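Structure first, then comments.
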Amino acid sequence: MREIVTLQIGGAGNAIGDAFWHVISHEHGVDYASGRFGGTSPLQLERINVFFNATASKRFYARTIIIDTEASTIQRLNASSQLYRPENFVAGSESAGNNFARGYHTDGAEILEQVLDNTRREVESVDSLQGFQLLHSIGGGTGSGLTSLIMEALVQQYPDNLLCNYVTIPSPNMSQVVVEPYNALLSTPALVNNSHLTFCLDNEALFQICNRNLQIKTSGHEHINHIVALTMSGITTCLRFPGQLNAGLRKIYVNMVPFPRLHFLIPGFAPLVTCKQQQFSKGTVSELVQQIFSSNNLLCAIDLRRGKLLTAAGIFRGRMSPREVDQLMTGVRNKNISNFVDWIPNNIKTAICDIPPRGLKMSATFIGNTTAIQSLFQRLLDASIAMLRRKAHLHWYTGEGMEEQEFMDAQQELQAIIDDYRCSAEGDECSGAAGGSGADREDDNSSDVAAEGPRCTYCPQ
C-alpha cells in the first residue's frame, strides 16, 4: 500500500484538513466522531490504509499531524472527534502573530523537533510511504514560516518522497492581514525549491463559487472548506479506490509537471450547482467536461483564456465510458488548440474511478498547469514591492532575526518563476525570460549573456 502522511499547519490548514477528514471518512464508511467503521462495501476498506491507520480495537484514526503555534485551534479539533490521535497534536506556547519570521526563526523553530518526531513515528508505521500532503496558508505567520521550515527538514530527511502542498494564497479583495504580501513572498523560495506539487487555492474564487454557483448569500469558511475538501477528495480518489484508469500521486507528478520548477497547479471541481439547478442538469460526461474547463469552477481566481495550458488532467468519478471521456477531453484540446502549448503534443491526462462521491452520480476534478498563473505571482510581487519600497512593517521581521536581503532574494525567486511561466507560453520565441533562481543567474559567461540577451533554461539552445 502506498501511504500518505498529512501535515495540517496553522489555522487555515487545520480548518481545511478537518473538512477533508470529514469528507473522506464518510466515503470510507468511518464515523467521524468515533473512528468506528460502519460502511457497507468491502471497497471502502480495500485501500483505507492510504490515509488511515487501524488500531487493535478496530478503530481508525487519521494519519495526520495537527500543528499550530497556538493551542486554541487544535484543542477544538481534539474535542470534536476521536479520529485524531492525541499524540499527533503539536502546539506552541504563543501565536506567530501573522509574522513569517516568528514562524520560521523563533516560535515555529521551537516546535520543529516535536513535529519531526511525530512525523517519523507515522512514517515508520507504514509499509511503503508515497509522500507527504501539507495543508496551509501562506498569508499567516505559522502557515508560511513554520511550513517553510518543515518542508526544508522533510526534503532532507525523506528525499525520495513527494511533497504535495495545498496552499491558500492571499487575494487582494479578501485580505485579512496587512503583512500578507510579505508572508507570501517569503514562502515562495520554499514552495519553488522543495514542493513537488503545489495546488493553489484562493479565498476570493471560493467565495465567488459560493455566491455565484451555489447561490449562498452569507457563505462562511465552512462552505469554502467543504469545496476544497471535495476537490482534494477528487484528486486523491484514485489513490483510495480502484478504477478503470488510475492516477497515483507519482503519475500526477510525472504527467503534470514538465519542468521541476513549474509545479504550481490550479484545481477545479464539477458539478458546483444548487440542488434546484441539478434537477435541470443532463447529468452527462459532456456537461462535466464543459464545466471543469470553465474558470467559474476553478478554486483559484485565474482566467484560463489569459494563458496557455502546459498540461491538464481530468479525474472522473462514477460509471462512465473511458472511450467517451478520452474523446471529450481530446475534443476540448482540438477545439481550443491555441490555449494549449504546441510543444507537448499529448498534454491531457484522464483518470476514472468507478465510485462516485457522496450524494452525486458522477463528478469531475480538474488539475491544470497553466501559464496564466503568472498573473497571480505578479500580483503578489507587486504588493510586496509597494510595501518594501517604503520598508513598511519591515521592523517586525528584522526584529526576529531576518535581514532585508532575504526579501530581495525572495523577490528575485518570484520574478524568476514568473519569467519561467512566461517563457513557457512563448515557446521558441522566448528570449528574455530568466530561468532558475535569482542566485543562479550570474555565471562565468556574463559577457555572452550580455551580447545575446538572457535565455530561459527551458528554451531550446
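Observations on the model:
- Theoretical gain in end-to-end length, Asn211 to Arg76 [0.36 nm per residue, Cα-Cα removed]: 45.8 nm
- Placing a pseudo-label 7 Å from each Cα along the Cα-to-Cβ vector at Arg305 and Asn193 gives an inter-label distance of 4.0 nm.
- Length-normalised contact order of the range 312-384 in % [C-alpha pairs under 8 Å, at least 6 apart]: 52 percent
- In Å, descending, principal axis extents of the Cα set of the range 289-376: 36, 26, 16
- Applying a length cut-off of 24 Å (Cα extent along the axis) and a mean Kyte-Doolittle floor of -0.5 to the DSSP H helices of the chain leaves 10-27.
- Spin-label model distance (nm) - Glu324 vs His223, 7 Å beyond Cα toward Cβ: 3.2 nm
- Sites Asn173 and Asn336 - FRET efficiency at Förster radius 25 Å, r taken between beta-carbons, to 0.05: 0.30
- One quarter of the surface of the convex hull around the alpha-carbon atoms of the range 133-238 equals 7.4 nm², the direction-averaged projected area.
- Dmax and Rg, reported as Rg then Dmax, of the range 74-219 (C-alpha, Å): 16.5, 46
- Proportion of all alpha-carbon pairs of the range 1-90 beyond 22 Å (%): 22 percent
- Cα-based radius of gyration of the range 280-333 once divided by 2.2 N^0.38 Å, which approximates compact folds: 1.20
- Computed [θ] at 222 nm, deg cm²/dmol, the chain (DSSP H ≥ 4; -39,500 (n - 2.57); rounded to nearest 500): -12000 deg cm²/dmol
- Here the range 3-269 is treated with +1 on each Lys and Arg Cβ and -1 on each Asp and Glu Cβ, and its dipole about the Cα centre works out to around 700 debye.
- For the pair the range 359-392 / the range 34-86, the C-alpha centres are spaced 32 Å from each other.
- Cβ-based net charge around Thr371, under 10 Å, with every Lys or Arg adding one and every Asp or Glu removing one: +1
- Translational D in µm²/s for the chain (Stokes-Einstein at 20 °C, 1.002 mPa s, Kirkwood Rh from C-alpha pairs): 94 µm²/s
- Cα-centre dipole for the chain with unit charges at Cβ (Lys and Arg positive, Asp and Glu negative), debye to 20: 2340 debye
- Surface exposure of the range 3-269, expressed per residue as accessible area with a 1.4 Å probe, stands at 34 Å².
- Percent accessible area from carbon and sulfur atoms, the chain, protein chains only, probe 1.4 Å: 49 percent
- Segment Met408-Asp117, length gained on full extension (0.36 nm per residue, minus Cα span): 101.4 nm
- Sum of side-chain charges, Gln8 neighbourhood, beta-carbon under 10 Å (Lys, Arg +1; Asp, Glu -1): -2
- Sequence-separation-based contact order of the range 84-130, relative, with Cα cut under 8 Å and 6+ spacing, percent: 33 percent
- Kirkwood's formula applied to the C-alpha pairs of the range 3-269 gives a hydrodynamic radius of 18.7 angstrom.
- Surrounding net charge for Asn173, when Lys and Arg each add one and Asp and Glu each subtract one, Cβ distance under 14 Å: -2
- Between Arg36 and Leu394, the simple spin-label model (points 7 angstrom out along Cα→Cβ) gives 6.1 nm.
- Nonlocal amide H pairs with Leu134, under 5 Å, H built at 1.01 Å: Leu7, Cys164, Asn165, Tyr166
The values are calculated or read from the model by the stated rules, or taken from the named source; none is laboratory data. Because the structure is predicted, anything quoted here is derived from the model rather than measured. Ideal geometry is used to build each Cβ from the backbone, glycine not excepted, and the neighbour counts take in all protein chains shown. Just the protein is used for accessible areas: all its heavy atoms, side chains included, with ligands, DNA and RNA removed. Shrake-Rupley method; radii C 1.70, N 1.55, O 1.52, S 1.80 Å.
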